[in-house]
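The next block holds one structure in the form of structure tokens; read it before the comments.
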Amino acid sequence: MPRYFYPSPVDSAKLDPSTMKRTRIEKISKALADATRLMIFEAISGKKEMVCCELVALRGVTPATVSHHLKILSDVGLIECRRKGQFVHNRAVPETIAKYSRALARMAGGKKTVARR
């Protein structure tokens, strides 16, 4: 398996889904709240890997903008990047999104209030 070079700041692969911290949930939510980042993440998730130039052509934004958004997505552990020759290949990390989804479901399934009539 290729070695990816942007390390996740909290090693998302080691996180237990039942203990994903609220701050991590907030960071992932903020990363996905931006429309451009969400489109980039969606494009990367739909393929095995994508290089930056494909994202630039696909989204019509500058390479610097794509690079900035890729860095944010990488920092929260949603994507991994690896250099192969002159290109940087990006791939989604399905484990992170699965843990994030479970954490949100757990939050939504928490205390329920009873509506008063």
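Here are a few things to note about the model shown:
- Residue count, the range 76-106 (criterion: in a loop (DSSP other than H, G, I, E, B), among the small types (Gly, Ala, Ser) and over 15 Å from the mean Cα position of the chain (by Cα)): 1
- Scanning the range 48-65 for residues that are in contact (Cβ under 8 Å) with a residue 24 or more places away in the chain and touching a helix residue (DSSP H, G or I) at 6+ places or on another chain (Cβ under 9 Å) turns up 50, 52, 53, 55, 61, 65.
- Filter pass, residue 114 being surrounded by 14 or more Cβ atoms within 10 Å (Cβ to Cβ) and either modelled with pLDDT under 90 or in a loop (DSSP other than H, G, I, E, B) (or both): no
- Which listed residue, of 49, 80, 95, is among the acidic types (Asp, Glu) and surrounded by fewer than 14 Cβ atoms within 10 Å (Cβ to Cβ): 95
- Matching residues, the range 21-70, being more than 14 Å from the chain's Cα centre (by Cα), assigned to a loop (DSSP other than H, G, I, E, B) and more than 14 Å from residue 90 (Cβ to Cβ): 21, 60, 61, 62
The values are calculated or read from the model by the stated rules, or taken from the named source; none is laboratory data. Note that the structure is predicted; figures quoted are calculated from it, not measured. Cβ coordinates were reconstructed from backbone atoms using ideal geometry, including for glycine residues, and neighbour counts include every protein chain displayed.
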